[in-house]
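To start, the structure under review is shown below, and the notes come after it.
The values are calculated or read from the model by the stated rules, or taken from the named source; none is laboratory data. A quick note: this is a predicted structure, and the numbers were derived from the prediction, not measured. In this analysis, Cβ positions are derived from the backbone assuming ideal geometry, glycine residues included, and neighbour counts consider all displayed protein chains. Accessible surface areas use protein heavy atoms only, side chains included; no ligands, DNA or RNA. Shrake-Rupley method; radii C 1.70, N 1.55, O 1.52, S 1.80 Å.
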Amino acid sequence: MSSAPAPPAERLASSSARPAPGRPGMIQQAAVLGAGTMGVRIAAHLANAGIPVVLLDLAGDTGKPIASAALEALGRAKPAAFYDPANARLIQPGTFEHDLGLLTKCDWVLEAVTENLAIKQQLLAKITPFLKPGVILTTNTSGLPVASIASELPADLRRSWFGTHFFNPPRYMRLLEIIPTPETDPAAIATIAGFADRRLGKTVVYARDTPNFIANRIGVYVMTQALQLMQEQGLTIEEVDALTGSALGWPRTGSFRLADMVGIDILSHVVANFSQSRAGETLELPPFVKTMLDRRWLGDKTGQGFYKKEKDADGNELRLALDWQTVAYRPATRPKFPSLELAKNSESLPERLRLLWAGDIRKDKAAKFQRQLLSRLFAYAANCLPEIAGDPASIDRAMRTGFNWELGPFEMWDAVGVDASLAPNAPSTWYRDGGKQVFDPARSEYVPVLQPPGIAAIADFRKSNGIVKTNPGASLIDLGDGIAAIELHSKKDAVGEDITRLVTQVLNPGSDAVRDFQGFIITGDGANFSVGANLFQVLLLIQEGEWEDLDFAVRAFQRMTAAIRFCPRPVVVAPYGLCLGGGAEIALHAATRQPHAELYMGLVETGVGVVPAGGGTKEMVLRAVDSAVGVLSAAGKDATARLSGSAEYFDALKRNFEVIAMAKVSTSAADARLLGYLSTSDRITAHRERLVHDAKQAAFTLAGAGYSAPINREVPAAGESALATLKLGVHLMRQADYISDHDQKVANHVANILCGGAIPAGTVVGEQYFLDLERQAFLSLCGERKTQERIAFTLKTGKPLRN
């Protein structure tokens, strides 16, 4: 007797099933129905992917359509929704009353109106006549049954209907939960999944059509348990946040600060959905939270929630925390738990979790709280697994990318050791074979953990191919296909002597690595590419008066960036996250860059009272030359003859001077391109977990095209007249009190390097000339007391000092 094929929900929500490749290119234009907080930000992120978007909502009663007002407000919102504010031009606002005809050209229509079943169904009925054949129709509902919303749609639309649940804010949160129905066509799902992965940078997790799906189901359950345990054990709001934050590998916000950010009304709504689950959980918020809801203390959106800020009589900002027993505010405290302080010394999260789990729950209130909270989490995740997802890996992936947990619940459980008494279906370990297989309770066997092709981390290659060369700051890893990666993994993401030594040795023309490999990438697996040079080492050399050693360190850094630039094999730098100071200089010297879309890149050295001295200022000179040549050539002028002294050359230098002197940091990879840190030929990767693969492919392509290293360039210096003009601008800023005396001194050094010093305009100089100017300026400024104060302040606080 043959069995009927499983519906899409079952086929796609399984670790052993992979959706068809789909056709991401099919999405040429999209529409978002509903311009609320989520809808308008989803529209913005579609625009970030270069997709024209129709954004529709009600006409409103203020004279301005709701979609137009929402789009206008979004331009001022924090965090920024757009990679580049100019992307807003791709969004066309309109109303349900007058603009439904715009839907006829849309390939994907996404419904994001209020969480009311009747309203959603009425809207879908209204738009149906305007939808093109083959359109993909989805909902962003966060908890309503997806199938029931579309129950009255025509059969052909029900086949293209499913859930696409984004997390707020959509630009930054990596998770997209896809919720099929039994009728959904897998090809439609595959198209959106492929588009979301490659164009929107999303980690796609397939969830089952149950209340709150996966991430909210687990994450909000944990928050309710934290509330309950807090009351049972007499803890404070601040204590619970300390215990549910970075110590467990969860966001530093902890439970209650996160609730303030999300909105306590949203939390209440999600909790109410639990009663509709198969298990029928009757989770409830405690009375004091209901009082907060009655008082409209909803978190950040209303200015107060579990925390609030206010000014004292002297205008100083005070941080207050809620006393849950009195439902009144009091000054917030910074709780300290000895067990947490001890755990900070652990080298890895699994080690830290084991240490916390082993705490004495009879004497240590931190250990008691965390043991009980994690025990409840583990048992709950295992018990609701069959209802919400196809395998434990899906739940772990959803929590890592939807709630920014470093490890998912089953990964955490493995870290502390699986206690089968917490759940009857628990195995001895959930993962095996280095995380390549996961236990499937429904089948009582281990199954492969599948990922779409191209998803990879350096750690994967380290496990499979081994380490070629390593030191505490960096490692050389064989990626296969003749390409190797230099992985940066220093503590606190700083570039120190370990990194400079390994990079220089590996990329030297005569090295074994250059002989053995056809190309290289430089990247890492950490949270940030690099926060810059190791300031602690710099300050130590200054304080000890080791000026020759400091000079040698600067020369060594310059030799490293030169090794990147002049390596006979192509070097592709793949920056992501923070890429500051020396990290930016590493990227600037690559044959090409493969940045992640979320890139915060900048030459920020002036903030600590010095100048970029690893070749960064020199590279900005070369970029100014190239920019001016491009403008002159486009105008049909002889760039060679007209460059020296041209307005085009000075304008380009002036832009780069402002970028360096003001320590401008990009807000995205697109913005880094506008600031001149990236070139138009640098391709951007939307999905963080595709960065290694994309960078490897870029290096492989360059090598296959017969790459040859650049030669040392000689360019005409802008010279003394340009230098005088820049210095005048700096002087006027000082006179207007926009900058301090020390800012003026630092900025003048930057101007001197960019212009090549006070030499005649057009004097041809080489790259080493600018490098020498960088080094001399850096050493001179390091001798200044105010620079030393800035470095010490930044090391202590992580912030710049304006002195």
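Each residue of the range 257-356 gets 169 Å³ once the volume of the Cα convex hull is shared out per residue.
For the range 708-803, the calculated P(r), taken from all Cα-Cα distances in 10 Å bins from zero up to the bin holding the longest distance, is 15, 35, 31, 16, 2 percent.
Close amide H pairs (under 5 Å, H built 1.01 Å from N) link residue 469 with 476, residues at least 5 positions away or on another chain. Given R0 = 35 Å, the distance between the Cβ atoms of residue 318 and residue 701 translates into a calculated FRET efficiency of 0.05. Computing FRET efficiency as 1/(1 + (r/R0)^6) for residue 763 and residue 634, where r is the C-beta to C-beta distance and R0 is 25 Å, gives about 0.45. Using DSSP to call loops (not H, G, I, E or B), can you name the GluC sites (Glu not before Pro) in the range 540-624 whose Cβ has at most 13 other Cβ atoms within 10 angstrom? Of the GluC sites (Glu not before Pro), the ones in loops of the range 540-624 whose Cβ has at most 13 other Cβ atoms within 10 Å are 544, 546.
Taking θ as phi - 60° and the Karplus parameters 6.51, -1.76 and 1.60, the scalar couplings of the range 335-347 work out to x, 10, 10, x, 5, 5, 4, 5, 5, 4, 7, 5, 6 Hz in sequence order, x denoting glycine and proline. Bridge orientation summary for the chain: considering DSSP beta bridges with both residues in this region, about 45 percent are antiparallel. Relative to one another, the C-alpha centroids of the range 740-803 and the range 238-295 are positioned 49 Å apart.
Taking amide H positions as modeled 1.01 Å from N, with prolines and chain starts lacking one, the residues under 5 Å from residue 32 and 5 or more places away or on another chain are 54, 55, 56, 110. Of the trypsin sites (Lys or Arg not before Pro) found in the range 273-355, the ones in coil according to DSSP and having at most 11 other Cβ atoms within 10 Å of their Cβ are 295, 336, 344.
In order along the range 706-711, the Karplus-derived 3J(HN,Hα) couplings, from 6.51 cos²θ - 1.76 cosθ + 1.60 at θ = phi - 60°, round to x, 4, 10, 5, x, 9 Hz, and Gly and Pro are given as x.
A P(r) calculated from all alpha carbon pairs of the range 432-493, with 5 Å bins opening at zero, reads 4, 15, 20, 18, 15, 13, 7, 6, 3 percent. In this structure the amide hydrogen of residue 479, modeled in the peptide plane, comes within under 5 Å of the amide hydrogens of 484, 485, none closer than 5 places in sequence on its chain. Multiplying the residue separation of residue 276 and residue 28 by 0.36 nm and subtracting their alpha-carbon distance yields 85.6 nm. Taking the alpha-carbon centroid of each part, what is the distance from the range 565-620 to the range 42-86 in angstrom? If you average the Cα positions of each part, the centres end up 33 Å apart. Using a Förster distance of 45 angstrom, determine the FRET efficiency expected from the C-beta separation of residue 728 and residue 492, and round it to 0.05. Efficiency, from the Cβ-Cβ distance: 0.70.
Where does the range 570-615 land on Rg(C-alpha)/(2.2 N^0.38 Å)?
Relative to the 2.2 N^0.38 Å estimate, the range 570-615 comes out at 1.14.
The gain in end-to-end length when the residue 481 to residue 626 segment is fully stretched comes to 48.9 nm, 0.36 nm per residue minus the alpha carbon separation.
Over all distinct Cα pairs, what is the inverse of the mean 1/r for the range 621-771, reported as the Kirkwood hydrodynamic radius in Å?
About 17.5 Å, per the Kirkwood formula over Cα pairs.
What the range 644-803 shows is 48 Å² of accessible area per residue, with the surface traced by a 1.4 Å probe over protein heavy atoms.
Bridgeable aspartates and glutamates around residue 126 (alpha carbons under 15 Å apart, same-chain partners fewer than 8 residues away excluded): 57, 97, 99, 111, 152. For the range 472-543, the fraction of C-alpha pairs more than 16 angstrom apart is 51%.
Taking each of 745/796; 78/654; 618/696; 491/799 in turn, the alpha-carbon distance tops 20 angstrom for 745/796; 78/654; 618/696. Listed by chain and number, the aspartates and glutamates placed with their C-alpha closer than 18 angstrom to that of residue 786 are 544, 605, 737, 741, 743; residues fewer than eight positions away on the same chain are left out. The residue among 150, 182, 165 whose Cα reaches farthest toward the positive pole of the charge dipole of the range 141-191, with charges on the beta-carbon of Lys, Arg, Asp and Glu, is 165.
In a solvent-free Debye calculation with one equal scatterer on each Cα, what is log10 I(q)/I(0) for the chain at q = 0.06, 0.07 Å⁻¹, listed in the order of the q values? The Debye formula, applied to the Cα set alone, gives -0.43, -0.60.
Rounded to the nearest whole Hz, the Karplus-based 3J(HN,Hα) values (6.51 cos²θ - 1.76 cosθ + 1.60, θ = phi - 60°) of the range 574-584 follow the sequence 10, x, 7, x, 6, 9, 10, x, x, x, 5, with x at glycine and proline. Seen against the Cα atoms of the chain and their longest principal axis, helix 767-782 is set at about 80 degrees. Distance between the 7 Å Cα→Cβ label points at residue 117 and residue 721: 7.7 nm. When the alpha carbon gyration tensor of the range 89-143 is reduced to an equivalent ellipsoid, its three semi-axes come out at 18, 13, 12 angstrom, largest first.
By how many degrees, between 0 and 90 and to the nearest 10, does the Cα long axis of helix 264-273 differ from the longest principal axis of the chain? Orientation of helix 264-273: about 40 degrees from the principal axis. Under a model in which nothing but the beta-carbon of Lys, Arg (+1) and Asp, Glu (-1) is charged, the range 200-334 shows a dipole of about 360 debye around its Cα centre. The modelled label-to-label distance for the pair residue 334/residue 233, using points 7 Å beyond Cα in the direction of Cβ, is 2.2 nm.
The value for the range 700-751 of Rg(Cα) / (2.2 N^0.38 Å) is 1.96. Between the helical axis of 365-388 and the dominant principal axis of the chain, each derived from Cα atoms, what acute angle in degrees is found, rounded to the nearest 10? Helix 365-388 and the main axis of the chain meet at about 70 degrees. Along the charge dipole of the range 444-494, pointing to its positive end and built from +1/-1 on Cβ of Lys, Arg, Asp and Glu, which listed residue (464, 490, 452) has its Cα farthest out? Value: 490.
For the range 405-452 and the range 330-375, compute the distance between their C-alpha centroids and round to whole Å. Value for the Cα centre distance between the two parts: 23 Å.
Helical content of the chain, expressed as a calculated mean residue ellipticity at 222 nm, amounts to -13000 deg cm²/dmol (DSSP H runs of 4 or more residues, -39,500 (n - 2.57) each, divided by residue number, nearest 500). The alpha-carbon of residue 469 sits under 14 angstrom from the alpha-carbons of these aspartates and glutamates, leaving out residues fewer than 8 places away in its chain: 478, 487, 498, 512, 516. The simple spin-label model puts a point 7 Å past each Cα toward its Cβ; for residue 789 and residue 265 those points are separated by 4.8 nm. Note on the range 342-477: Cα convex hull, mean projected area over all directions, 10.0 nm². Using the Kirkwood radius over C-alpha pairs as Rh, can you work out the diffusion coefficient of the range 521-597 via Stokes-Einstein at 10 °C, viscosity 1.306 mPa s, in µm² per second? Approximately 118 µm²/s, per Stokes-Einstein.
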